Structures are given as structure tokens and as C-alpha cells.
Amino acid sequence: MAQCRSYLRGLSICVTVLLLVSGIVMIGVGFSSMDGNIPVAELFDELSSSDGLLVLQVFGPITVILSLVGICAASFNLKPLLLVFSALIFMEFVALLVVASPLVQVQAQLDSTVDEVFLNVTPLHRADVYIQKELNKLQASDSCCGLRSFEDWENQLPDSCFCLLPPSDSGLQTGSNPSSEDSCAMVTSSDHRLNSKVSDKLWVHSKPCGSILKSHLSFPIKLRIGIISAFATFAMAAIILCLTLGLEEYWKTPPVETTVDDFNRVKYQPKPSLA
């Protein structure tokens, strides 16, 4: 029994330390400026996930404080403090799930909401100048064009949409450069009113920038959901282990006391006769 108690205490300390680490991570992510790194962030003002940051900023310090209390209670086997710690962590667990539930809804509705934003901002040549400037930077760095396709620019394609090394017609016909064919699409200067000094056929990036923007936008939300899920796992394990230690005197089998009279009664009990 003593060995089992020592094992449970060590396991409780380990899980509570993991809970402490999750609280520190919540504080670090909560006070970071990850949303500011999203390209063309002005498009997604109404999709701001600042509520997720606020959740981590509030519950992170609470988790760290309660984890330190739980580590002390498990280390010194303070049963009343273990029960108080379990109750407080359970309350935090329920509150965090209720407050963070909108993050899951935002993640589920992200694609449809972002597509609606893309639709409202096109055609891109009529968008705000600052948005066009930021989008040109993204197109040049990630070899993409437009939000849904290069046609979002209509007949005014910027230079950042053109492939830097356009494949030749012969190369495409012989299949010698399939990767360039997949990443570039052909447009004609007559259709898009482009000035071509060499040919009326030009090549633009066929990959849209919308998928890149969606990945940038969804990463912070997925990260926060992952941190909250990790906290929930560690919290439930800590609650179960600390409750087990705190209620030890109720679940362990009490020792059987043997009195002197019981010993003499068994010693001098007559043996049954063999008839």
C-alpha cells in the first residue's frame, strides 16, 4: 500500500508539473503578437480572434498559480489542500471550456467567412491601395496571384503575378517542364490589355493566394485550441490523481485489530473430535 501511495504521489506531481508548463505556454502565446504576422491582415478585421488571446491571458496565470499549489500539496501530502486544488482546477476546467467554445465555432466557419471576405474585396484593382501593396508582396514572395484566382485582378494584372521564368511553348508540349506548367497559367495580352514586348502570350501564377491566407489565419486559432485541449487533458488527470490522494483514508482498507481475548479464544478452542 505504501508503494502504491508513493507511486500515485509521484504521478500526481508529474501531471501537475505538466499543467504548470501548459499555463506558462498559455501566458506566452496569449501575450504574443501572432495575429500581426498575418499577411494582408486588414482584410480580416472582423475575423479577429482576440477573444482567444484574452482567454489565454486570463487563464494562463490562474493555471500557473493553481499548479504551484497542487505541486506543494502533492509533495507534502496535504490532503485538505489536495481536495481544494482539485475543486479549483475543476472549476477552471469548466469555465475555460465555456469561454473558449467560440474558438471552435470560428474554426468551423473559417472557410466560408473568408470566402465571403474575398468576394467583397474583388476586383482587386479597385481595392484599397495599401491592401494592393501588401497583396503584391505576398504574390511576389509565395508565387501566387489573386485571392481565388488571377482573374480577381480582371484586366489589370500587376507585375507580381507574372512567372519569373515562364516556360516555353515547346517545353510544355514535350512535357519537359511539368512543374512550371502546373504553377503557371497562360493569358493573352489582348484579353488583359497587357503590353507584351515579346509575345501576346504571357504566363501568370496559377496558384491563388487565398489558400495561403487561410493557412496563416487558421494557424493561431488551431494553436490556441491545441493548447486548451492539452490543458484539459492535464487538468482531468490532475483532478483524478489528486482526488485519489486526498480521499485516501476513505478508499484504503482499514487494518484488522486483533485483541488478546480473540487470540486466546482461537488458541484454546477445542479441536473437533473424530467420531
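Those residues that are open to solvent by 60 Å² or more (accessible area, probe 1.4 Å) and of a type in the set (V, I, T), I need them from the stretch 221-238; list them, please.
T233
Where residues in the stretch 146-183 are over 19 Å from N120 (Cβ atoms), modelled with pLDDT of 80 or more and of a type outside the set (F, W, Y), which of them is most open to solvent (accessible area, probe 1.4 Å)?
Filtering the stretch 146-183 for residues that are over 19 Å from N120 (Cβ atoms), modelled with pLDDT of 80 or more and of a type outside the set (F, W, Y), the one most open to solvent (accessible area, probe 1.4 Å) comes out as D159.
Would you pick out the residues in the stretch 112-129 that are within 28 Å of K222 (Cα to Cα), touching a helix residue (DSSP H, G or I) at 6+ places or on another chain (Cβ under 7 Å) and open to solvent by 10 Å² or more (accessible area, probe 1.4 Å)?
T113, V117, V121, T122
For a quick check of your reading of the model, give me the residue pairs whose first member lies in the stretch 218-233 and is more than 20 Å from T16 (Cβ to Cβ), whose second is open to solvent by 10 Å² or more (accessible area, probe 1.4 Å) and charged (D, E, K, R), with beta-carbon atoms closer than 9 Å and at least 6 apart or on different chains.
Cβ pairs passing all conditions: S218/D111; P220/D35.
Take D142 and decide whether it is open to solvent by 70 Å² or more (accessible area, probe 1.4 Å), among the acidic types (D, E), over 16 Å from the mean Cα position of the chain (by Cα) and at pLDDT below 90.
Answer is no for this residue.
Pairs, please: C-beta under 7 Å, at least 6 apart or cross-chain, first residue within 13 Å of R224 (Cβ to Cβ) and β-branched (V, I, T) and in the stretch 92-116, second open to solvent by 40 Å² or more (accessible area, probe 1.4 Å) and part of a helix (DSSP H, G or I)?
Listed pairs, sorted by first residue: V104/I225.
Could you please find all residues in the stretch 116-146 being in a loop (DSSP other than H, G, I, E, B) and on the phi < 0 side of the Ramachandran plot?
T122, P123, A127, D128, C144, C145
Considering only residues that are modelled with pLDDT of 85 or more and not polar (S, T, N, Q), which ones fall in the stretch 185-215?
Scanning the stretch 185-215 gives W203, V204, H205, K207, P208, C209, G210, I212, L213, K214.
Is it the case that some residue within the stretch 69-86 is more than 10 Å from C242 (Cβ to Cβ), among the aromatic types (F, W, Y) and open to solvent by 50 Å² or more (accessible area, probe 1.4 Å)?
yes
The values are calculated or read from the model by the stated rules, or taken from the named source; none is laboratory data. Predicted model only: the values in this text are computed from it and were never measured. Positions of Cβ are generated from backbone atoms using ideal geometry, with glycine treated the same way; all protein chains shown enter the neighbour counts. Only protein heavy atoms, including side chains, enter the accessible area calculation; ligands, DNA and RNA are left aside. Shrake-Rupley method; radii C 1.70, N 1.55, O 1.52, S 1.80 Å.
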